[in-house]
Amino acid sequence: MDTLQQPESASPMSSTILVVEDEPAIQELIAVNLSFAGHKVLRAADAEQAQILIRAELPDLILLDWMLPGTSGVVLARKLRADERTKAVPIIMLTAKGAEQDKVEGLEAGADDYITKPFSPKELMARIKAVLRRRAPQLTDDLIDVAGLRLDPVTHRLHGNGVTLNIGPTEFRLLHFFMTHPERVFSRSQLLDQVWGDHVFVEERTVDVHIRRLRKALEPSRHDSHVETVRGSGYRFTAHPATTLA
């Protein structure tokens, strides 16, 4: 594996990444590169430590070594995919096993991607970004434009139909999540988990308050109606709103 490489610029969209790797030198190399890229890093040397960390804080992505002492990475991946709380967390397998059948086994166990050792930090960071773009687009720094509403995660600027919109940080995160998952309905509890974070204990009605603030912020560009209430289910962001708000 290559020596430490400092990236050209740190990503403004920080993710929490769990590194499950029993070789200290490799774990350190990965962790330092992730930290330089602006990510929060959790570390575990085996499956048991990993599960303890996951219970305390749900990561945005897991880098999982295949050959771990005790429970293997493949077995842990299957456990994570079978658990309702962790089944959607992206997993990238790290392994010295390069045979096609090994890759198939890792992917069938639930991995989203597979990197064969040795690998460069640059390749690893590119794979992480690609997986997050597919599985958790709200964690990337891509510019988003939906129905004339333009959100820039890098500068935290929001424009609608040529109008600069002022928006609070929580409403910005909420809108970012909505715009990266358009037309999908989310319950209050799902929004709390995705926007406020796992293990954050906030009343579900708090979501309603921020939805009202978000709509108020979108009024100058007339995008407030794009945030719809779906009775009995939750909220959604749509490019084709109904004429009235609930």
### Query
Just wondering, is there one or more residues in the stretch 162-169 that are over 22 Å from LEU34 (Cα atoms), touching a strand residue (DSSP E or B) at 6+ places or on another chain (Cβ under 8 Å) and surrounded by 15 or more Cβ atoms within 10 Å (Cβ to Cβ)?
yes
### Task
Output yes when any residue across the stretch 70-79 is at positive phi and modelled with pLDDT of 85 or more, and no when none is.
yes
### Message
Looking at the stretch 193-202, can you tell me whether even one residue there is within 24 Å of GLY148 (Cβ to Cβ) and free of Cβ contacts under 8 Å to residues at least 60 places away in the same chain?
### Response
yes
### Residues of the stretch 100-123 satisfying the condition of being touching a residue at least 40 places away in the same chain (Cβ under 8 Å) and under 16 Å from LEU80 (Cβ atoms)
GLY106, ALA111
### Query
Hey, ARG213 hits all of (1) of a type in the set (D, E, K, R); (2) in contact with an Asp or Glu (Cβ under 7 Å, 6 or more places away or on another chain); (3) more than 16 Å from ARG188 (Cβ to Cβ) but one; which does it fall short on?
(3)
## Note on the structure
Picking from SER120, SER72, SER35, the residue that is under 30 Å from HIS156 (Cα atoms) and not aliphatic (A, V, I, L, M) would be SER35
#### Entry: Residue within the stretch 211-221 that is within 26 Å of ILE54 (Cβ to Cβ) and buried (at least 19 other Cβ atoms within 10 Å of the Cβ) present
no
### Query
Among the residues of the stretch 126-144, is there at least one that is over 17 Å from the mean Cα position of the chain (by Cα) and surrounded by 13 or more Cβ atoms within 10 Å (Cβ to Cβ)?
no
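The values are calculated or read from the model by the stated rules, or taken from the named source; none is laboratory data. No experiment lies behind these values; they were computed from the predicted model shown. When we count neighbours, we look across all protein chains shown, and the Cβ atoms used for this are built from the backbone with ideal geometry, even at glycine.
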